[in-house]
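Note sheet for the following structure.
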Protein chains: 4
Amino acid sequence: MTVSDLAKQMEAVKVLGPGRFGRAVKILGEMFGDEHYCKMVSLAGPIIPGGLRSVLVDLVEKDLINAVVTTGANVTHDMLEGLGHRHIVGSETDNDETLRRKGLSRIYDLLVKQSAIEHLERSTRRMLDRLPLEKRRNIGTFELLWHFGSQLNDKRSLLSVASRKQMPIFCPGIFDSMLGLDLWTYSQLNPLFINPFKDFSKLVNLSYEAKRVGAIILGGGMPKHHVLIANSYRGGVDAAIQITLDRPEGGGASGAPLEEAISWGKVKKRNNLVTLIGDAIVLFPIIALGALENARK
Amino acid sequence: MTVSDLAKQMEAVKVLGPGRFGRAVKILGEMFGDEHYCKMVSLAGPIIPGGLRSVLVDLVEKDLINAVVTTGANVTHDMLEGLGHRHIVGSETDNDETLRRKGLSRIYDLLVKQSAIEHLERSTRRMLDRLPLEKRRNIGTFELLWHFGSQLNDKRSLLSVASRKQMPIFCPGIFDSMLGLDLWTYSQLNPLFINPFKDFSKLVNLSYEAKRVGAIILGGGMPKHHVLIANSYRGGVDAAIQITLDRPEGGGASGAPLEEAISWGKVKKRNNLVTLIGDAIVLFPIIALGALENARK
Amino acid sequence: MTVSDLAKQMEAVKVLGPGRFGRAVKILGEMFGDEHYCKMVSLAGPIIPGGLRSVLVDLVEKDLINAVVTTGANVTHDMLEGLGHRHIVGSETDNDETLRRKGLSRIYDLLVKQSAIEHLERSTRRMLDRLPLEKRRNIGTFELLWHFGSQLNDKRSLLSVASRKQMPIFCPGIFDSMLGLDLWTYSQLNPLFINPFKDFSKLVNLSYEAKRVGAIILGGGMPKHHVLIANSYRGGVDAAIQITLDRPEGGGASGAPLEEAISWGKVKKRNNLVTLIGDAIVLFPIIALGALENARK
Amino acid sequence: MTVSDLAKQMEAVKVLGPGRFGRAVKILGEMFGDEHYCKMVSLAGPIIPGGLRSVLVDLVEKDLINAVVTTGANVTHDMLEGLGHRHIVGSETDNDETLRRKGLSRIYDLLVKQSAIEHLERSTRRMLDRLPLEKRRNIGTFELLWHFGSQLNDKRSLLSVASRKQMPIFCPGIFDSMLGLDLWTYSQLNPLFINPFKDFSKLVNLSYEAKRVGAIILGGGMPKHHVLIANSYRGGVDAAIQITLDRPEGGGASGAPLEEAISWGKVKKRNNLVTLIGDAIVLFPIIALGALENARK
């Protein structure tokens, strides 16, 4: 059975999780099948090390993603993989003091070598050196990441493909990551001035000029909110799917239902919205596959 | 792309949710492919109204499920559907006082007609009348449910198929459901004595006589714990997958990791266990599909 | 600062978690201050080993609890403590195979000695032997637990105090616990017939005869649903507070908002309801303390 | 009963939530009682509108907080309240399209008037105009927020007290908020250059110069990670408490246990760490009260 057949059966349930799963496939299929949709993807949590790197690269190659807003951690991991490093399989019950002594850092049950992070620092420095001085004096994160992408010799790197396709990747919290530490260290001895206003102008323009905007929200955090707030200038996104394990009751933006964003003018109306409670790195590949099959028909 | 191909790609991630998803497909495929595995399924939450009725019926028809332990609510819903009633699509923001006045009862975003529940009460009474008196004086829930299943004219009813296949469905909390109220009401005027010890003996025997036991835990609650505790007499289950949205930190059995059950002798060892955080009615159909494709090869 | 002063400040926030915390203190204070309220408490999760045993005993001593519905695990733990056993401090990252070899069983980060469980089995057998044969042939769980309570030499045992006060403790899933295994084992060689209908009749009568019913729902599971469904014969409870970490979106009864129960006739109206997302064994003692201070004024 | 007495009883449980609650009070009491501890607080989710504004202001007044890292939303809300606006009580089931038409924006069950947000924009513009041009050309968020604080006539404003006390508030995601939109709009017509490197240098210096660092993590998100990563230059924080409703299994930083940060060198060792699963705006005031009572002794 194909994934889109399965999705159709789930959609027929209409209620609860399966109804939402089916509707997510349907809405995403509509976004994918309509070139007038500007598809903006937000990434929070271990999206890249969790295996979506390859899914996202395929979608960017097919022009099915038009902008990405991400945490610094996902950029860091794309660069680590782009430099040839792979994560190591650990366990969520590993002893962290032992790992520290072994030079391993943990994300739930995956491990990263400290030596890889040091390699990243050296590489970042070299890449920054290659950036023209005047560029370095006033640069947005999407420009910086295009530059990094152009320097990576890995065709399956999200940064690399984004660079080639000139698809912007925004990283409003870039300083809050291992890569961010490298940027800060560099800035202590060299001119480097990252200008978040350049990013926001670019993102708002993208949103403003699009006929329709569709938000694909994987995890919560600042990336989610950033995509939505940037679209308030156009009266909100036209459609959105979000996949999250965060709860709504605490009142934080991460777990908030998409409907709430209507009251802020960040989403247009109730019709094309769906929230799926679950792990984005498990569900999104399945939903995307189903949506692609739908869009092809 | 088939679901099993997708699962293989996820399994390759090895870590986080995708790694667990891939392993769940693998473990379930091994259970399905090995006739010496006694497959015990536990059901909690709106499994039947959430669309798994049809998936479970197919698996029972193929002899891929050997015992079910469920909440009373799922039995109630199977009987409601067996009597021809379908749920109505509502919304989780519906006003419940209004619904009450309209004779509708709500489960998140699905609605059930009170008139359907009244129909169930009348039907249950008739079905109980048809049960020989001596049987009614000392009956286990699995026997009672076989009797109900034999009375339903719906080939896609789980009770009906279970009755035909003589596959036991245990309902240790049968009183705690709309069907349970009907049983209690009946018992006030007629002899009816449900004996939980008969159920437990049957379940323990099944477990004891099996070469291998595999637990498929959908949701938590008493059904989960019941399958595990019954297997403590044989030194634990040999393999298990569980899908749940419940958290471990509160210390309740619903959200507990399967590993914890090793310390109680309810699970044999760490190797063949996997917990997936998510909504069972979304994930199980996908995992089962992948496992079936695997088992066929 | 006293807890009730703090609660008043939280209540003043009116919204989000603090607003709910403040309202929970207020509603519980009204229940405690009004002798016409029949207070029914449901317990799921490690309520007794998590430290609420002493809080509950104090409330029963003060006649502030009129009925309890609980999982079998909580009864088991009350009896274990009543026999002099204390839990051992472990860790949620302990190796369960090692624990098994050491004769220790784990609940998150607390450990129970297998030898204590064996002691419980021997004691249970002796206590059952002391029960008159005709009683044993048709007994409700509340009667059985009164008997067990009368046999324990521990004044801080919930069963013991309940027995002395003739406050019923219902355990609809008693078979699904270590104590339940002991009952089943006993029944294999001796006459023992536990009749759940007797329990339900008693519970329904309590609810029916009460001027007002207030539900105090600690954790979800069958105990929560049982208290609510028993009150459907009187048109629903008049007030309720629930504290849970379970989510609503999956559609299970454990995480369902109390408002949903209005549509089933299990709760009367929206006014006196509050759901608090959190760990009941942390929050309830604080809320109860605040409510007691309020009720005294 | 005082809160610290209650906390001591909970600590005595040693395990599960109560054990963690008791330990959180103990660890926070040690931080509060030791002037060599640099206390760094991270805020994510509706901390300010959820009622902690007043608690935080009291702690800053008493020199018990030395640095704050927060989302832009909390700064926005502090300024809204500082300008005299109060939130309105709504409901999580309000219709958001209706709210939009009425000029109300929703955060779970609290409402904010759009007119208040417009007032904030005008005020922000005026405050920025008053900032010397050369300052505006290269400013960190902590300097910008001190300036805003100095302009507010509200003694219970966190920004205002922070400004008076010269306690830095860092807002690494300031652009991602209503206030951020105002800053961006202003920057389109006036020179304004916010330099995140200045913030990070200040934060790292604070951490580096402190004898001991204690992290108080309320909610997850970028603020949590930011406090921890800044402390990696000193080998990690010495003690930390975190209160969150986010789950660990997804692998995101928000829900990660503090122990994981040891493997990254962001936390020193296991001894002085505690994670409490719950709503920070409910639990922190209680824990802080208990800790203050402890520290006083």
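The values are calculated or read from the model by the stated rules, or taken from the named source; none is laboratory data. Remember, it's a predicted structure, so these values are computed and weren't measured experimentally. FYI the Cβ positions are ideal-geometry reconstructions off the backbone, even for glycines, and counts take in every protein chain you see.
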Candidates D:F142, D:F175, D:F193 - the one that is within 13 Å of chain A (Cβ to nearest Cβ) and crowded, with 20+ Cβ neighbours inside 10 Å: D:F175
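Residues are listed down the side, and each one gets a yes or a no for (1) farther than 19 Å from C:L228 by Cα; (2) under 23 Å from the mean Cα position of the chain (by Cα):
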| residue | (1), (2) |
| --- | --- |
| B:N74 | no, yes |
| B:H87 | yes, yes |
| B:E97 | no, no |
| B:R100 | no, no |
| B:L104 | no, no |
| B:I107 | no, yes |
| B:V112 | no, yes |
All positions within segment B:93-113 that are more than 7 Å from every other protein chain (Cβ to nearest Cβ) and not in a helix (DSSP H, G or I): B:D94, B:N95, B:G103, B:L111, B:V112, B:K113
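Before we move on, is A:A7 within 18 Å of A:L292 (Cβ to Cβ), touching a residue at least 40 places away in the same chain (Cβ under 8 Å), touching a Leu at 6+ places or on another chain (Cβ under 6 Å) and surrounded by 21 or more Cβ atoms within 10 Å (Cβ to Cβ)? Outline the logic, then answer.
Details: within 18 Å of A:L292 (Cβ to Cβ): yes; touching a residue at least 40 places away in the same chain (Cβ under 8 Å): yes; touching a Leu at 6+ places or on another chain (Cβ under 6 Å): no; surrounded by 21 or more Cβ atoms within 10 Å (Cβ to Cβ): yes.
No; evaluated as a whole, the condition is false for this residue.
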Unmet requirement for B:M167, which otherwise passes all of (1) more than 14 Å from chain C (Cβ to nearest Cβ); (2) among the aliphatic types (A, V, I, L, M); (3) in a helix (DSSP H, G or I): (3)
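Assess whether B:V69 counts as being touching a Pro at 6+ places or on another chain (Cβ under 6 Å) and either crowded, with 24+ Cβ neighbours inside 10 Å or under 28 Å from B:K155 (Cα atoms) (or both). Walk me through how you get there before you give the answer.
Details: touching a Pro at 6+ places or on another chain (Cβ under 6 Å): yes; either crowded, with 24+ Cβ neighbours inside 10 Å or under 28 Å from B:K155 (Cα atoms) (or both): yes.
Judged against the criteria, B:V69 is a match.
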Conditions (1) surrounded by fewer than 19 Cβ atoms within 10 Å (Cβ to Cβ); (2) within 11 Å of another protein chain (Cβ to nearest Cβ); number of the one not met by A:E30: (2)
Residue selected from segment B:75-90 under the condition touching a residue at least 12 places away in the same chain (Cβ under 8 Å) and of a type in the set (D, E, K, R), by the criterion farthest from the other protein chains (Cβ to nearest Cβ): B:D78
Hits in segment C:178-190 (condition: within 11 Å of chain B (Cβ to nearest Cβ) and out of contact with any helix residue (DSSP H, G or I) (no Cβ under 8 Å at 6 or more places or on another chain)): none
Top-ranked residue of segment B:202-229 - restricted to ones that are without any contact (Cβ under 8 Å) to a residue 60 or more places away in the chain and within 9 Å of chain C (Cβ to nearest Cβ), ranked as nearest to B:V274 (Cα to Cα): B:H225
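Just wondering, is there one or more residues in segment C:82-93 that are more than 28 Å from B:W264 (Cα to Cα) and β-branched (V, I, T)?
In the first step, residues of segment C:82-93 are kept if they are more than 28 Å from B:W264 (Cα to Cα); the result is none.
No, there is no match, as no residue in segment C:82-93 is more than 28 Å from B:W264 (Cα to Cα) and β-branched (V, I, T).
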Residues being of a type in the set (D, E, K, R) and farther than 21 Å from C:T98 by Cβ - total across segment B:231-263: 4
Residue within segment D:118-133 that is surrounded by fewer than 23 Cβ atoms within 10 Å (Cβ to Cβ), among the acidic types (D, E) and out of contact with any Asp or Glu (no Cβ under 8 Å at 6 or more places or on another chain) present: yes
Residue within segment C:157-168 that is surrounded by fewer than 18 Cβ atoms within 10 Å (Cβ to Cβ) and hydroxyl-bearing (S, T, Y) present: no
Residue ID - farthest from D:G221 (Cα to Cα), chosen from residues in segment D:232-269 that are more than 7 Å from every other protein chain (Cβ to nearest Cβ), in contact with a helix residue (DSSP H, G or I) (Cβ under 6 Å, 6 or more places away or on another chain) and among the charged types (D, E, K, R): D:R234
From the options C:G103, C:G22, residue that is touching a Ser or Thr at 6+ places or on another chain (Cβ under 8 Å) and either free of Cβ contacts under 8 Å to residues at least 60 places away in the same chain or surrounded by 23 or more Cβ atoms within 10 Å (Cβ to Cβ) (or both): C:G103
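So in segment D:270-297, with the set limited to residues that are among the charged types (D, E, K, R) and more than 10 Å from every other protein chain (Cβ to nearest Cβ), which one is surrounded by the fewest Cβ atoms within 10 Å (Cβ to Cβ)?
Initially, segment D:270-297 is screened for residues among the charged types (D, E, K, R), giving D:270, D:279, D:293, D:296-297.
Keeping just the survivors that are more than 10 Å from every other protein chain (Cβ to nearest Cβ) gives D:296-297.
Numbers: D:R296: 10, D:K297: 7.
The selected residue is D:K297.
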Scope segment D:33-74; condition within 14 Å of another protein chain (Cβ to nearest Cβ) and acidic (D, E); matching residues: D:D58
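Based on what the data block shows, is A:G220 touching a strand residue (DSSP E or B) at 6+ places or on another chain (Cβ under 6 Å), within 24 Å of A:V57 (Cβ to Cβ) and not hydrophobic (A, V, I, L, M, F, W, C)? Reasoning before the result, please.
On the way: touching a strand residue (DSSP E or B) at 6+ places or on another chain (Cβ under 6 Å): yes; within 24 Å of A:V57 (Cβ to Cβ): yes; not hydrophobic (A, V, I, L, M, F, W, C): yes.
Here the answer is yes, as A:G220 does meet what is asked.
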Complete set of residues in segment D:7-27 that are more than 11 Å from every other protein chain (Cβ to nearest Cβ) and among the hydrophobic types (A, V, I, L, M, F, W, C): D:V25, D:I27
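Please report, ordered by residue number, the strands (runs of 3 or more DSSP E) entirely within segment A:192-297 with at least 3 residues that are farther than 29 Å from C:D246 by Cβ and modelled with pLDDT of 95 or more. Step through it out loud before you land on a result.
Working: elements: A:212-218, A:239-244, A:273-277.
Those strands (runs of 3 or more DSSP E) span A:212-218.
Could you say whether any residue in segment A:146-158 is of a type in the set (F, W, Y), within 13 Å of another protein chain (Cβ to nearest Cβ) and in contact with a Pro (Cβ under 9 Å, 6 or more places away or on another chain)?
The answer is no, given that none of the residues of segment A:146-158 is of a type in the set (F, W, Y), within 13 Å of another protein chain (Cβ to nearest Cβ) and in contact with a Pro (Cβ under 9 Å, 6 or more places away or on another chain).
From the list A:A7, A:A12, A:A44, A:A24, exactly one residue is under 21 Å from the mean Cα position of the chain (by Cα) and more than 20 Å from A:G72 (Cα to Cα). Which is it?
Details: A:A7 fails: under 21 Å from the mean Cα position of the chain (by Cα); A:A12 fails: under 21 Å from the mean Cα position of the chain (by Cα); A:A44 fails: more than 20 Å from A:G72 (Cα to Cα).
Within the list A:A7, A:A12, A:A44, A:A24, the selection yields A:A24.
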Some residue of segment B:34-55 being of a type in the set (V, I, T), more than 21 Å from A:A12 (Cα to Cα) and in contact with a Pro (Cβ under 7 Å, 6 or more places away or on another chain): no
Matching residues, segment C:257-276, being closer than 20 Å to A:I277 by Cβ and over 18 Å from the mean Cα position of the chain (by Cα): C:P257, C:E259, C:E260
Helices (runs of 4 or more DSSP H) wholly inside segment D:1-63 containing at least 3 residues that are closer than 30 Å to B:A253 by Cα: D:3-13, D:16-33
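How many residues does segment B:257-279 hold that are among the small types (G, A, S) and out of contact with any Gly (no Cβ under 8 Å at 6 or more places or on another chain)? So that I can check it myself, show each step before the final result.
Here is the first cut: in segment B:257-279, the ones among the small types (G, A, S) are B:261, B:263, B:265, B:278.
Subsequent filtering for residues that are out of contact with any Gly (no Cβ under 8 Å at 6 or more places or on another chain) retains B:263.
Within segment B:257-279, residues that are among the small types (G, A, S) and out of contact with any Gly (no Cβ under 8 Å at 6 or more places or on another chain) number 1.
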